[in-house]
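> Take this structure, written in structure tokens, and hold onto it; I'll ask about it next.
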Amino acid sequence: MPFITEEIYLHLPRISDSIVISQWPQYDENFDASSQERNMEIIMEAIKGIRNIRAEMNVVPSRKSNTIIISDREEVINAMMEGTPYIQKLAYSSEVILKTTKENIPDGAVSIIIEGAEIFLPLEDLIDKEKEIERLNKEKERLEKELERVKQKLSNEKFLSKAPAAVIEEEKDKEKKYSELMVKVLDRLKGLE
């Protein structure tokens, strides 16, 4: 391996000495990119939050929305200004609006909290309210049926006495999962009405 390394090293521009007798490279402060790294982390966190909310709400990627970003921290605002094209492309935003106060936020806007900022997505840009209420009501009915089915199984003495412990545990997990989903659906319905 040292021969390959030597060969590659000698092909680098402005290199004439062997790697064996050359000096260790010196750290150059000009290449320190910690502030750019931090900015990129802020931008990625914002994009991830927006995409997660859009996925939770079943918003199709082709439907773009305005994105309102509020922060009183200058470094966050600067990072978001720098990252506006990325947010528009990767978070499907038609426009990114940067503010320092919560004035003129549309009613019913969905909120995402990230470190140093709060992001708002106006609901009217994301979903058709009536269709979403209809979809959530259907989901609520489905979850009610599933919960009822699981509860009947778990209250059946014959099932509990004959079923393996793993199957019983699986049914309890289903009950817990359906209950958590029901809470989320009810919260979403409450937020839309």
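> Just to be sure I understand: with springs between alpha-carbon atoms less than 10 Å apart, which residue in Asn52, Asn137, Asn156 has the highest mean-square fluctuation in the Gaussian network model of the chain?
Among Asn52, Asn137, Asn156, the largest mean-square fluctuation in the Gaussian network model of the chain belongs to Asn156.
> What number, in percent, do you get for the relative contact order of segment 32-137 if the mean sequence gap of Cα pairs under 8 Å and at least 6 apart is divided by its residue count?
34
> Given the DSSP H assignment, sum -39500 (n - 2.57) over each helix run of at least 4 residues in the chain and divide by its residue total; what's the result at 222 nm in deg cm²/dmol, nearest 500?
-19500 deg cm²/dmol
> Between 0 and 90 degrees, rounded to the nearest ten: what's the tilt of helix 34-56 against the longest Cα principal axis of the chain?
Tilt relative to the chain: about 20 degrees.
> Express as a percent, rounded to the nearest 5, the fraction of DSSP beta bridges in the chain (both residues included) that run antiparallel.
That works out to approximately 55 percent antiparallel.
> Cα axis of helix 129-155 to longest principal axis of the chain: angle in degrees, 0 to 90, nearest 10?
70
> Compute, for the chain, the length of the dipole vector about the Cα centre, with Cβ point charges of +1 (Lys, Arg) and -1 (Asp, Glu) only. Units Debye, rounded to 20.
Roughly 1300 debye for the chain.
> If you don't mind, there's one more thing I want to ask. Relative contact order of the chain: what whole-number percent is it, with Cα pairs under 8 angstrom and at least 6 residues apart?
About 18 percent, as a whole number.
Readers should treat all values here as calculations from the given coordinates under stated rules, not as data from a laboratory. Nothing here was measured: the structure is a model prediction, and the numbers come from that model. Virtual Cβ from ideal backbone geometry, glycine too; neighbours counted across all protein chains shown.
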